[in-house]
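Structure in structure tokens, see below.
The values are calculated or read from the model by the stated rules, or taken from the named source; none is laboratory data. Since the model is a prediction, treat every value here as computed from it, not as a measurement. Neighbour counts are summed over all protein chains in view; Cβ atoms, including those assigned to glycine, are modelled from backbone coordinates with ideal geometry. The accessibility values were calculated without ligands, DNA or RNA, using every heavy atom of the protein model including side chains. Shrake-Rupley method; radii C 1.70, N 1.55, O 1.52, S 1.80 Å.
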Amino acid sequence: MESTQEAGLVHPAHQLGKVAYTLNVPALSFDDYVRMQRLLLRPDLKSASCIARKRSGRIWNWKTWILVVIGGSLGWAAGAYDLSAELWIGVEDSDAGWLFGGLSVILLALGLMLLSVFFGVFYLSQTQRLLLGDIHAAGGGLFGAHQLQFGDGGILLHNASRSSIVPWSVITEIVADKGVTFIIADRISAYWLPESLLAAMPDRDDFMRYLEQQSGLYRLQ
């Protein structure tokens, strides 16, 4: 979490104002860290919709026309000259094999494309998970146990090494995801509140309403 404290300024605890809630938050597990990163890396749907609207007015650009011309030409040639395709897949040093023609060639090509996409996505997912594992392990106290205080001025994080405050104005989402509620700030950092911690609060509902009121947001499930 980015700290707003600067040299010579008032300590963050003094900027917090009246404290409404104080919670001792446990360390963030690796699985919960992965979920948090996926939430932070989600595309901004508002920005994406604006871009889509801008692009919809110019969909017929030069790239589209090239695809139309090439595709149309190939389709015309195939029909005019009765073009067809066959594919033979054989076993080396034997007569065994398979002959594909017409629709079979197209279905085989599509199947190979989908298989390549599947393994590509799987490889990228595993690579990302390994990278996140290294970052989580190197984070140390950043993802360790800490104390959160909620006050008029924002949310104060305090642990053995630092204190930092984030004002309510930069809280952009409150998302519950598989047993953890994430309080996201500016889509670049987040606080985490495990369900075990929230369930132990005698005034949990009041606390969640407090979060919604202070941030001006509704919880997303």
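Okay, residues lined up against (1) more than 27 Å from residue 207 (Cα to Cα); (2) at pLDDT below 80; (3) in a loop (DSSP other than H, G, I, E, B); (4) open to solvent by 80 Å² or more (accessible area, probe 1.4 Å):
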{"site": "13", "(1), (2), (3), (4)": "no, yes, no, no"}
{"site": "24", "(1), (2), (3), (4)": "no, no, no, yes"}
{"site": "27", "(1), (2), (3), (4)": "no, no, yes, no"}
{"site": "48", "(1), (2), (3), (4)": "yes, yes, no, no"}
{"site": "51", "(1), (2), (3), (4)": "yes, yes, no, yes"}
{"site": "54", "(1), (2), (3), (4)": "yes, yes, no, yes"}
{"site": "58", "(1), (2), (3), (4)": "yes, yes, yes, yes"}
{"site": "63", "(1), (2), (3), (4)": "yes, yes, no, yes"}
{"site": "69", "(1), (2), (3), (4)": "yes, no, no, yes"}
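Being β-branched (Val, Ile, Thr), open to solvent by 60 Å² or more (accessible area, probe 1.4 Å), more than 19 Å from residue 40 (Cα to Cα) and outside the structural domain of residue 187 (by the TED database) is the requirement here; does residue 121 meet it? Can you show your working first?
Values: β-branched (Val, Ile, Thr): yes; open to solvent by 60 Å² or more (accessible area, probe 1.4 Å): yes; more than 19 Å from residue 40 (Cα to Cα): yes; outside the structural domain of residue 187 (by the TED database): yes.
Against the criterion (β-branched (Val, Ile, Thr), open to solvent by 60 Å² or more (accessible area, probe 1.4 Å), more than 19 Å from residue 40 (Cα to Cα) and outside the structural domain of residue 187 (by the TED database)), residue 121 qualifies.
Moving on. Out of region 173-185, which residues are closer than 22 Å to residue 159 by Cα and in contact (Cβ under 8 Å) with a residue 40 or more places away in the chain?
The answer is 180, 182, 184, 185.
Just to be sure I understand, how many residues within region 176-189 are open to solvent by 10 Å² or more (accessible area, probe 1.4 Å) and of a type in the set (A, V, I, L, M)?
2
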